Amino acid sequence: MVRITLLLAACFAMISACANKPNEADVWAIVEARNATWAQNDRDGHMAIYHPDFLRWSIGSDRLLTKDSFGSLWDTIKSNEVVKRLEIIPKYIQFYADGKVAVAHYTIDEEYQWTGEDTETRTKGEILKGNLRFSDVYVFQKGTWLYVGGHRDGMALSPPEPPL
């Protein structure tokens, strides 16, 4: 009887573990959603994916961005550019903390139009291209993945190789 009880307990533990197994597709879906809201200029939808305690280094600065300061950065960037094309190229996902934390590594191949005033490096109406690398950190809370921080670099990267 003890052997059957232990066997049943092991089976239920395996079923429970499988049911709670982190799902890469769910993480890639939130990565897609975060970037789609960027491309579609959906500030509210974009910021809804951010965890309240979000922190990330600012590009070209030694300060940390919070959810609120990223919202201000959004306003500045979006007042000067419009995304024309944005392609996400998934690379790898890592899970931590029993599947409650995910790090999504991917690149973005993007084209955007500069709508701001002419500068030394940009002309109003010019189409620019960028290739960016991201490592986003998401935490699973209350049934959803929230963007809690990460790292972005790029702009000088070569575009991705075309598929064979």
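The values are calculated or read from the model by the stated rules, or taken from the named source; none is laboratory data. What you see is a predicted model, and the numbers here were worked out from it, not measured in a lab. Here the Cβ positions follow ideal geometry from the backbone for every residue, glycine too, while neighbour counts run over all protein chains shown.
Here is how the numbers come out for the structure above:
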read-out: Hits in segment 69-116 - residues which are surrounded by fewer than 15 Cβ atoms within 10 Å (Cβ to Cβ), of a type in the set (A, V, I, L, M) and without any contact (Cβ under 8 Å) to a residue 60 or more places away in the chain; value: 73, 77, 82, 97
read-out: Filter result for residue 65 (free of Cβ contacts under 8 Å to residues at least 12 places away in the same chain, under 19 Å from the mean Cα position of the chain (by Cα) and not in a helix (DSSP H, G or I)); value: yes
read-out: Residue in segment 96-118 that is within 20 Å of residue 136 (Cβ to Cβ), modelled with pLDDT under 95, touching a Lys or Arg at 6+ places or on another chain (Cβ under 7 Å) and assigned to a helix (DSSP H, G or I) present; value: no
read-out: Residue within segment 123-132 that is touching a Ser or Thr at 6+ places or on another chain (Cβ under 9 Å) and within 21 Å of residue 59 (Cα to Cα) present; value: yes
read-out: Qualifying residue in segment 55-68 (condition: of a type in the set (Asp, Glu), surrounded by fewer than 16 Cβ atoms within 10 Å (Cβ to Cβ) and more than 18 Å from residue 133 (Cβ to Cβ)); value: yes
